[in-house]
Structure formats: C-alpha cells, structure tokens
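Report on the following structure.
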Amino acid sequence: MDKIVVEHLDFYYGSKQALYDVSIRIQERLITALIGPSGCGKSTFLRCLNRMNDTIPGTRVEGRVWLDGEDIYRPGMDVVDLRRRVGMVFQRPNPFPQSIYDNVAFGPRILGLDGHLSLDDIVEQSLRGAALWDEVKDRLRAPALSLSGGQQQRLCIARVLAVEPEVILMDEPASALDPIATLKIEDLMQELKTKYTIIIVTHNMQQAARVSDKTGLFWLGELVEYDDTSKIFTRPAQQRTEDYITGRFG
Ligand SMILES: Nc1ncnc2c1ncn2[C@@H]1O[C@H](COP(=O)(O)OP(=O)(O)O)[C@@H](O)[C@H]1O
Ligand SMILES: [Mg+2]
C-alpha cells in the first residue's frame, strides 16, 4: 500500500530550482533508499515530506505530497502533528544536552501523553524499540552526550519513536558512525520496518543494496529511476543508473 504519494514536485530555494517534477509512490512498511551524488536534492526531497523546508526562508514548493491520502501542503494542515507522524533522524546524532531519559521524554512531554502509558513506560518502550534499552537502563539519568556516537544515533531514533510516528526519514544516519555502529543501525532498521515506513538517504550504495526494498536514484534534482532494489542494482532501466552504480560518476 502507498503511504506517501508525491506528484510533480518542484522545489525552489529562492530562484534556484533544486527538485524537478519528482513523482514517487512510497510503500508502507518497506525501506526505501534514496541514492545519488552529493547536491542532487536527496535531503531537500526528504525535507519536503514533513515540511521541514518550511523553516528555510525564501523556499517554494509546487506539486503535491499525499500522506495516507491527505495533502500535507493544504492550508490548515497541522504541521506539528505532521512532523510527529513523519519523524526525522539526521546525519550527525543531535541529542539535547540533557539526560538520556529527558531526551526520549521530550516529545511526549511537549505533545502531551496519550492513552494509558506512563512516561516511564514510553521511555522504556522507545529505548527498547531503538535497541538501546539494555545498554542504558541502569543510567537513564546520565547525560546523553556521554554515550558513543552510535548510541547517540539510536537515542535519536528512540526520541522519534516516543511520539509514535508512522514514517521515519533518515538522512545519512550512519555516515558519521564506525562500521560496527553502522551495522547496528542497519539491523535496527529491519526491526523498525515491521511497524514503520522508512526512507533513508545514503551515499553508500552497499548500504542501500543491503537494507532497502526500493531504491530511487536522484541526479541533478530529478528522480532518474525508482524500482525494486534488486532490479536497480542488477538490471537498471536507465543508463545513468547503470553509470552511477558502477561508479562511473558521483
Ligand atoms: N538551505 C539551502 N539554501 C539554498 N540552497 C540549498 C540549501 N540546501 C540545499 N541547497 C542546494 O540544493 C541542492 C540540493 O541539495 P541537497 O538537497 O542538500 O542535496 P543532497 O542531499 O543530495 O546532497 C544543492 O545545489 C544545494 O546547494
Ligand atoms: Mg544531503
């Protein structure tokens, strides 16, 4: 099933166009990888999906983005709730300079607790969901910044899980991590995809091939090709995809 449908998306930073007529259907509970050379619009595209670009002055969007059939750019859209539903993890782990506990509790405290779970339960569940609980359960009050880089990134994932997202956007989430921490994130993604729709930007093609079900190749602001990952990496339809995956550019 389609979770996100993007139709004819153009994006501008002032007069500079960064995305050209991008259309894509992102399927629910799969991992979609977006690959392509640096500067081709992958991060810009990701930020269009939860309207994070709205925070950059002078930007403009044309086209449509539907989340479960709802136009997220329609007037009156609740953008705070949109960003709760479509959470984001960045390249550099960015925990707040607070305790591990307070990092995870931050969103639920601001948005209000919903339902029957206590804050302690939400924190535990989120840390378990991010495969971090066993490593931190005895030191929840320790500073988040005392964790290793890989742990900090999983903490950022726990922070997203705590507000019950539907989609998780990951912008090169492992590019600042060592190989072991990277594998932990990749394993975690396989668990997360049973519950969430995941879109990951990566410039690491091996990673895209390992973790994703679908792959899209961006090039100069266009989506060149989008298909099953196995097809993209073995029998791409476009010459530019073939050139990219065989290392002829980018
Ligand atoms: N805040 C910004 N203001 C102006 N131009 C930007 C901004 N962010 C990105 N760009 C430009 O948009 C294009 C796409 O960038 P980006 O989405 O970051 O690419 P990628 O993530 O694929 O490396 C690049 O030409 C980049 O310079
Ligand atoms: Mg980027």
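The values are calculated or read from the model by the stated rules, or taken from the named source; none is laboratory data. Worth saying up front: this structure is predicted, and the values here are computed from it rather than measured. Please note: Cβ atoms are built from the backbone with ideal geometry, for glycine as well, and neighbour counts cover all protein chains shown. Accessible surface is based on the protein model in full, side chains and every heavy atom, while ligands, DNA and RNA are left aside. Shrake-Rupley method; radii C 1.70, N 1.55, O 1.52, S 1.80 Å.
Mind checking whether some residue in the stretch 156-167 is in a strand (DSSP E or B) and more than 16 Å from ligand 1 (Cβ to nearest atom)?
Filtering the stretch 156-167 down to residues in a strand (DSSP E or B) leaves 167.
Filter once more, so that each one left must be more than 16 Å from ligand 1 (Cβ to nearest atom): 167.
There is at least one residue in the stretch 156-167 that is in a strand (DSSP E or B) and more than 16 Å from ligand 1 (Cβ to nearest atom).
Output the residues belonging to the stretch 209-239 that are open to solvent by 70 Å² or more (accessible area, probe 1.4 Å), in contact with a strand residue (DSSP E or B) (Cβ under 6 Å, 6 or more places away or on another chain) and within 24 Å of Met170 (Cβ to Cβ).
Glu222
Quick one: would you say Leu183 is open to solvent by 30 Å² or more (accessible area, probe 1.4 Å) and either at positive phi or out of contact with any Cys (no Cβ under 6 Å at 6 or more places or on another chain) (or both)?
Details: open to solvent by 30 Å² or more (accessible area, probe 1.4 Å): yes; either at positive phi or out of contact with any Cys (no Cβ under 6 Å at 6 or more places or on another chain) (or both): yes.
Yes; evaluated as a whole, the condition is true for this residue.
For the stretch 1-29, give me each residue that is acidic (Asp, Glu) and more than 18 Å from the chain's Cα centre (by Cα).
The initial filter retains those residues of the stretch 1-29 that are acidic (Asp, Glu), namely 2, 7, 10, 21, 28.
Within the stretch 1-29, Glu7, Asp10, Asp21 meet the criteria.
Search the stretch 193-206 for residues being surrounded by fewer than 21 Cβ atoms within 10 Å (Cβ to Cβ) and in contact (Cβ under 8 Å) with a residue 60 or more places away in the chain, and hand back the single one that is farthest from Leu161 (Cα to Cα). Walk me through it before giving the result.
Narrowing the stretch 193-206 to residues surrounded by fewer than 21 Cβ atoms within 10 Å (Cβ to Cβ): 193-195, 203-206.
The next check asks that each one be in contact (Cβ under 8 Å) with a residue 60 or more places away in the chain; those that pass are 193-195, 203, 205.
Working: Lys193: 12, Thr194: 13, Lys195: 11, His203: 25, Met205: 26 Å.
Only one residue fits best here, namely Met205.
Can you pull out every residue in the stretch 3-18 that is more than 8 Å from ligand 1 (Cβ to nearest atom) and in contact (Cβ under 8 Å) with a residue 40 or more places away in the chain? So that I can check it myself, show each step before the final result.
First pass over the stretch 3-18, keeping only residues more than 8 Å from ligand 1 (Cβ to nearest atom): 3-12, 15, 17.
Selection gives Lys3, Ile4, Val5, Val6, Glu7, His8, Leu9, Asp10, Phe11, Tyr12, Gln17.
Which strands (runs of 3 or more DSSP E) does the stretch 1-110 wholly contain that include 3 or more residues that are open to solvent by 30 Å² or more (accessible area, probe 1.4 Å)?
On the way: elements: 2-13, 16-27, 31-35, 59-67, 86-89.
Where strands (runs of 3 or more DSSP E) fall fully within the stretch 1-110 and carry at least 3 residues being open to solvent by 30 Å² or more (accessible area, probe 1.4 Å), they are 2-13, 16-27, 59-67.
Within the group Arg109, Arg139, which residue is farther than 22 Å from Ile200 by Cβ, free of Cβ contacts under 8 Å to residues at least 24 places away in the same chain and more than 16 Å from ligand 2 (Cβ to nearest atom)? I'd like the intermediate steps shown before the answer.
Details: Arg139 fails: free of Cβ contacts under 8 Å to residues at least 24 places away in the same chain.
So the residue among Arg109, Arg139 that is farther than 22 Å from Ile200 by Cβ, free of Cβ contacts under 8 Å to residues at least 24 places away in the same chain and more than 16 Å from ligand 2 (Cβ to nearest atom) is Arg109.
Quick one: Ala158 ticks every box in (1) within 19 Å of Gly41 (Cα to Cα); (2) among the small types (Gly, Ala, Ser); (3) touching a Leu at 6+ places or on another chain (Cβ under 7 Å) except a single one, so which number is it?
Status for Ala158: all satisfied but (1).
Just a yes or no: is a residue in the stretch 227-234 in a strand (DSSP E or B), modelled with pLDDT of 95 or more and on the phi < 0 side of the Ramachandran plot? Can you show your working first?
So in the stretch 227-234, the residues in a strand (DSSP E or B) come out as 227-228.
If we keep only those that are modelled with pLDDT of 95 or more too, we end up with 227-228.
Checking the rest, the ones that are also on the phi < 0 side of the Ramachandran plot come to 227-228.
Yes: the stretch 227-234 contains one or more residues that are in a strand (DSSP E or B), modelled with pLDDT of 95 or more and on the phi < 0 side of the Ramachandran plot.
Looking for whichever is within 12 Å of ligand 1 (Cβ to nearest atom), in contact with an Asp or Glu (Cβ under 9 Å, 6 or more places away or on another chain), in contact (Cβ under 8 Å) with a residue 40 or more places away in the chain and within 30 Å of Phe233 (Cβ to Cβ) here; the options are Ser38, Ser23, Ser43. Which one fits?
Ser43
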